[in-house]
1. Looking at SER373, SER326, SER345, SER367, which one is hydroxyl-bearing (Ser, Thr, Tyr) and more than 25 Å from GLY198 (Cβ to Cβ)?
2. Return yes when LEU317 is more than 13 Å from ligand 1 (Cβ to nearest atom) and either of a type in the set (Val, Ile, Thr) or under 30 Å from ASP287 (Cα atoms) (or both) and no when it is not.
3. Residue pairs, Cβ under 9 Å, 6 or more apart or interchain, first in the range 479-495 and free of Cβ contacts under 8 Å to residues at least 60 places away in the same chain and at negative phi, second among the small types (Gly, Ala, Ser) and not in a loop (DSSP other than H, G, I, E, B). List them.
4. Looking at LEU319, LEU323, can you tell me which residue is crowded, with 18+ Cβ neighbours inside 10 Å, modelled with pLDDT of 95 or more and within 20 Å of PHE217 (Cα to Cα)?
5. So ASP240 fits all but one of (1) of a type outside the set (A, V, I, L, M); (2) within 16 Å of ligand 2 (Cβ to nearest atom); (3) assigned to a helix (DSSP H, G or I); what number is the exception?
6. Which ones in the range 476-493 are among the hydrophobic types (A, V, I, L, M, F, W, C) and within 16 Å of ligand 1 (Cβ to nearest atom)?
7. Among the candidates LEU440, LEU508, LEU479, LEU497, single out the residue that is closer than 18 Å to ASP344 by Cβ and buried (at least 21 other Cβ atoms within 10 Å of the Cβ).
8. Those residues that are more than 21 Å from the chain's Cα centre (by Cα), touching a residue at least 12 places away in the same chain (Cβ under 8 Å) and closer than 22 Å to ILE354 by Cα, I need them from the range 172-211; list them, please.
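The values are calculated or read from the model by the stated rules, or taken from the named source; none is laboratory data. Small disclaimer: the values here were computed from a predicted structure and weren't measured. Glycine gets a Cβ as well: all are built from the backbone with ideal geometry, and neighbour counts include every protein chain shown.
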Amino acid sequence: MNNLMRRAQNVQLWRKYCVKQYTTEAASAALSRGKPNYDEFIAGRQVQAQRSIVVQVSSEKSYSELYNYCSRFGSIVGAHHYCVRHDDDLHYILLEYSTAHEAAAAIDSGATNGDLSGVPVRSPFLWFKAAPGKRGPKLAPNNNNNNNIHHPPTSDLQSVDGTRQLDQEALLSQLRGAESIEQQVQLLHRHTQLNDLGVRMRFLAALQVQQAISGMFPAAQAHPFGSSVNGFGKMGCDLDLILRFDGETGGRKQSSGEPPSRLIYHTKENLSNGRSQTQRHMECFGDMLHLFLPGVCHVRRILQARVPIIKYHHEHLNLEVDLSMSNLSGFYMSELLYMFGEIDSRVRPLTFSIRRWAQACGLTNPSPGRWISNFSLTCLVMYFLQQLRQPILPTIGALVKAAEAKDVRVTEDGINCTFGRDLERVGFQSRNTSSLSELLLQFFEFYSQFDFHNRAISLNEGRQLSKPDHSAMYIVNPLEQLLNVSKNVSLEECERLRIEVRNAAWILESEVENSSLPQSERQEETWGLLNLFKHPEKAIIRPNMFFKPRMVEVSDLFEEKHQQLQSTIGPASTGEA
Ligand code: CTP
Ligand code: MG
């Protein structure tokens, strides 16, 4: 009974949170003002998605005609064009109306197309059919004398791709032309971070799922989390989505002074085992998405995982989606990372460079496995920034201490996700003045010497602990402290990380020295950060200057490479001289 009561209480708390989110009109304002807090950011983007539709067109040139047609439903305040590459380029225009009602009117006007098979589904994803009697969309209606025609502010059609990363060559040339490593780090961040359109598209994918099932499940909510919203996402990152049924957003909203309704929805009795029930529900949702939802394809069910997920590809958004129903702590973890990114402007650019370096060395890999994940790597960066003599980030414990009653969040499984959300109240001020290139080098040096063999990392306390088990790498999960975030990492991968951080430290040290030369005197075209991103085959094992090499512990791979190196340059320095 106690368990049931606690569960009910937790559901109430989550509901309160959801209601607060959706009724926060100020959220949109906070979003356009800049510097929104996490709740405002999420709510603002959700409201923005409700005001938007995505229309497939034959080309960018259809914009004038589309604008003219769609203006009958309301006032269009923004338009973004993007392409998805298949055999041919598929063109889409995301239109933003000034209100959700206007977008809903456009969606509701949607007709079924007799030529196409399939069950029509109400969704923000639409197709702009050629006008009757025309072979294709009219290209330039601006010379039309009809006074009812709305002439679009053509300059306002933003043609920024939200689906792909900047062309690699263009990025490399930007980095080559930078003035300093510091600037390279900033440029890499600016050019590879998830852009505005990328965020809009992800919130539309979430809204599509939510709206598709809202008829039957009035309380359903699909919330994006992970790198799509925590500020550490790069262009093309996947969308992590959590589907919940305990909010109050879809159905009739209760105003604050109103007594609770006495008419309660009947429900089906729950299965006794919550996990197998979730798996059954997910299986069913997986089928529904697969069979009915426009754009959804390649649906895969991974239901035996610790957190069961449904993976799918969204072909109108060129987006990979991971849908879960039971990972609320992951949602709050995204909030923690978002706050860390907001606390100091160096945090995100630094993390982007480190994630890029790890990708270039093959330490990370888009598919899950025994290698370090981007999330674990991000935790390593956060911990590094916490443990500096002059910390750049506070411990999570300090955030927990600053919590007020309004910050209380407990998931239905009883996981306490309470921490202070108000950064002013947390009152953390860093006195650390290191530059980004200094921090990058310090990061590599720090993990060159970190004793992964015996020590675990705690972001809650901002210090190392004794390792509680034999995992190769141990990072205490900040919100579920009995779990290890990096449990999947094998000994071999952990060793590879150690080898690569040593290499990186060695390379960067000489790059920092060289970067003081004026640009004209630099010998190499590839310099600074770019040398960290070289392909692993090109990376060589350097004698280490910071510490004694631990030859006994290193993997075969390292020994083999080391022997090759010895035969070409003689014995490595032991660092003792
Ligand atoms: N998460 C967590 N504990 C884990 C793994 C993930 O709390 N052991 C949460 C984190 O909030 C993480 C989110 O789930 O951000 C999504 O996980 P994942 O997709 O693996 O990482 P992302 O941060 O989204 O990074 P990526 O861009 O590689 O997808
Ligand atoms: Mg992700």
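1. From the options SER373, SER326, SER345, SER367, the qualifying one is SER326.
2. Yes: the conditions hold for LEU317.
3. GLN481/SER458; ASN484/ALA456
4. LEU323
5. Checking ASP240 against (1) of a type outside the set (A, V, I, L, M); (2) within 16 Å of ligand 2 (Cβ to nearest atom); (3) assigned to a helix (DSSP H, G or I), the one that fails is (3).
6. If we filter the range 476-493 for residues that are among the hydrophobic types (A, V, I, L, M, F, W, C), which is where we start, we get 476, 479, 482-483, 485, 489, 491.
Within the range 476-493, VAL476, LEU479, LEU482, LEU483, VAL485, VAL489 qualify.
7. LEU440
8. Those that are more than 21 Å from the chain's Cα centre (by Cα), touching a residue at least 12 places away in the same chain (Cβ under 8 Å) and closer than 22 Å to ILE354 by Cα: LEU172, GLN174, LEU175, ARG176, ALA178, GLU179, SER180, ILE181, GLU182, GLN184.
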